[in-house]
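Below is one structure, written out as structure tokens, with a few remarks after it.
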Amino acid sequence: MQPDEALSLLKQGAAQIISEAELRAKLVLGRPLRVKLGVDPTSPDLHLGHALILRKLRQFQDLGHEAVLIIGDFTSMIGDPSGRSATRPQLSRDQVLANAETYRAQAFKVLDPERTRLVSNGEWFGKMRFDEVIRLNSLVTLQQMLQREDFRNRIERQQPIHAHEIQYPIMQGWDSVMVQADVELGGTDQLFNNLVGRDLQKMEGQAQQVVLVLPILEGLDGSMKMSKSLGNYVGLSESASEIFGKLMSISDELMARYYPLLLGKSLDPAAHPLEAKKHLAGVIVETYHSRDAAQKTLEEWNARFSEKRLGDADLPTFHPEKTDIVSIVVSAYANAFAVTKSRADARRLIEQGSVQLDGEKLRDPKAVLELKSGQVLRLDKTRAVRIG
């Protein structure tokens, strides 16, 4: 592919590139570029937010470039302070290493292993003497680090910033020096850290990396960044049915956001919302499982939420402990789907006719139910349980 064609492709979905002219100049070099992505194994699972950036990295690979995936076994013990209003709890070395093993396996659901250089930043930070740490810190100023928006916000709110947190962008920037990155990928919240890498490369006499950042993927709640700690994520290692069901539960507004970010195309405004969600969920399941799994999951979902066939579907079993309908609904969400619903949420679902027992709508939030084993309690459009 010619440089201008490649640049046009790589620009798709990017929030910002620093700079396009530099990226084109690197594409003209006629050699594989080293495209860096750092991931911190602060939890065992990668999710669709991570996959958004992994897919861009795969795009570089498909153009013949080398992916350098850095597992941040040292940086994750600090925890990226980007967007944080409080210090992250520090992880132990054992926790980080256990999480790192799962990250490697999940990343190759997207990346081509043959074109991926997999490294851990402990390879260099673990060998640093203290005088070398001092030299590294001497390359930046405290004023420079405190330009970060999240640090400034904490100072204004009189919230603490611990000294080890200031090390994080310096360490991430040094990763770029160590792998001699031509390009670094990240989310928009990583822009400051990525630019530190450019500065350090310049100080060390290296060509500066191009920074390409992508939009942050909102979680299933439609408001916060997708995160396992917030419980609003779709994990790459989750079962096909879990992925499908989670994506079927998103709002129509969020679906319009997910289409361009996850599928690379705009949502057709004429498309029926339910069918559009099925298409989105099906493509994601096919990507991280298989086409057969996507078809099977779609058929199961249609069976589960078809009024005529719901009784034959494979539903989670729920054993109610109380008899009032509000408590039953709240408990069913929590026990069968690990979803937290308030009593006010449950009452709204009941009053709007979403809650059904064997196909009959239950609209009275004060009702007391005598449930029998085998009955089907439908909680909303995408979730139902069988009474045990």
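Fully extended, how many nm does the chain gain between Gln95 and Ala271 (0.36 nm per residue separation, minus their Cα-Cα distance)?
58.9 nm
Given contacts defined as C-alpha pairs under 8 Å and at least six residues apart, what's the relative contact order of region 175-277, whole-number percent?
19
Note the angle between two axes, namely the Cα long axis of helix 325-337 and the longest principal axis of the Cα atoms of the chain, as a number of degrees from 0 to 90, rounded to the nearest 10.
Between helix and principal axis, roughly 40 degrees.
Order His164, His289, His319, His47 by their accessible area, 1.4 angstrom probe, all chains in place, largest first.
His319, His289, His164, His47
Quick check: the angle from helix 93-107's long axis to the longest principal axis of the chain, C-alpha only, nearest 10 degrees?
Between the helix axis and the principal axis of the chain, the angle is about 80 degrees.
Mind checking the angle between helix 48-62 and the chain's longest principal axis? C-alpha axes, 0 to 90 degrees, to the nearest 10.
50
Under the Karplus relation 6.51 cos²θ - 1.76 cosθ + 1.60, θ = phi - 60°, what is the ordered set of whole-Hz ³J(HN,Hα) values for region 25-35, x standing for Gly and Pro?
4, 6, 5, 6, 4, x, 10, x, 7, 8, 10
Quick check on region 197-267: take the gyration tensor over C-alpha atoms, sort the square-rooted eigenvalues as a ≥ b ≥ c, and tell me if it's rounded (a/c under 1.5), prolate or oblate.
The shape class here is prolate.
So if R0 is 22 Å, what FRET efficiency would Arg117 and Ala207 give, r being the distance between their Cβ atoms, rounded to the nearest 0.05?
Efficiency for this residue pair is about 0.75.
With a 10 Å cut-off between alpha carbons and a GNM built on the chain, which of Gln172, Gln180, Gln158 moves the most?
Maximum fluctuation in the GNM of the chain, among the listed residues, is at Gln158.
Given labels modelled 7 Å from the Cα in the Cβ direction, how far is it in nm from Glu156 to Gln12?
Placing both labels 7 Å beyond Cα along the Cβ direction yields 3.8 nm.
Among Leu247, Leu118, Leu200, which one shows the biggest mean-square fluctuation in a GNM of the chain, springs joining Cα atoms closer than 10 Å?
Leu118
Where the accessible area of the chain is counted over protein heavy atoms with a 1.4 Å probe, how much of it, in %, is carbon and sulfur?
Here carbon and sulfur together make up 49 percent of the probe-accessible area.
Note down the relative contact order for region 290-388 as a percent, whole number, built from C-alpha pairs under 8 angstrom at least six residues apart.
27
Name the residue, out of Phe60, Phe337, Phe74, whose mean-square fluctuation peaks in a Gaussian network model built on the chain with Cα pairs under 10 Å.
Result: Phe337 has the largest fluctuation of those listed.
Please calculate how many Å² of accessible area the chain carries per residue, with a 1.4 Å probe and no DNA, RNA or ligand atoms counted.
49
Once R0 is set to 22 Å, what does the formula 1/(1 + (r/R0)^6) return for the Cβ-Cβ distance between Glu286 and Asp4, expressed as a FRET efficiency to the nearest 0.05?
Calculated transfer efficiency: 0.10.
Largest first, how would Arg347, Arg104 line up by accessible area (1.4 Å probe)?
Ranking Arg347, Arg104 by accessible area, largest first, yields Arg347, Arg104.
I need the calculated FRET efficiency for the pair Gln180 and Asp314, taking r as the beta carbon distance and R₀ as 51 Å, to the nearest 0.05.
0.45
Students often forget the sequence filter, so: which lysines lie under 21 Å Cα-Cα from Lys372 once same-chain residues fewer than 8 apart are removed?
Lys308, Lys322, Lys361
Can you compute the helix-only [θ] at 222 nm over the chain? Use -39500 (n - 2.57) per DSSP H run of at least 4 residues, normalise by all residues, nearest 500 deg cm²/dmol.
It lands at -13000 deg cm²/dmol.
State which entries of Lys246/Lys278; Lys225/Lys278; Lys246/Lys296; Lys26/Lys225 exceed 20 angstrom in Cα-Cα distance in the structure shown.
The answer is Lys225/Lys278; Lys26/Lys225.
The values are calculated or read from the model by the stated rules, or taken from the named source; none is laboratory data. Quick caveat: nothing in here was measured; it's all calculated off a predicted structure. Ideal geometry is used to build each Cβ from the backbone, glycine not excepted, and the neighbour counts take in all protein chains shown. Areas reflect the complete protein model, heavy atoms only, side chains present, ligands, DNA and RNA absent. Shrake-Rupley method; radii C 1.70, N 1.55, O 1.52, S 1.80 Å.
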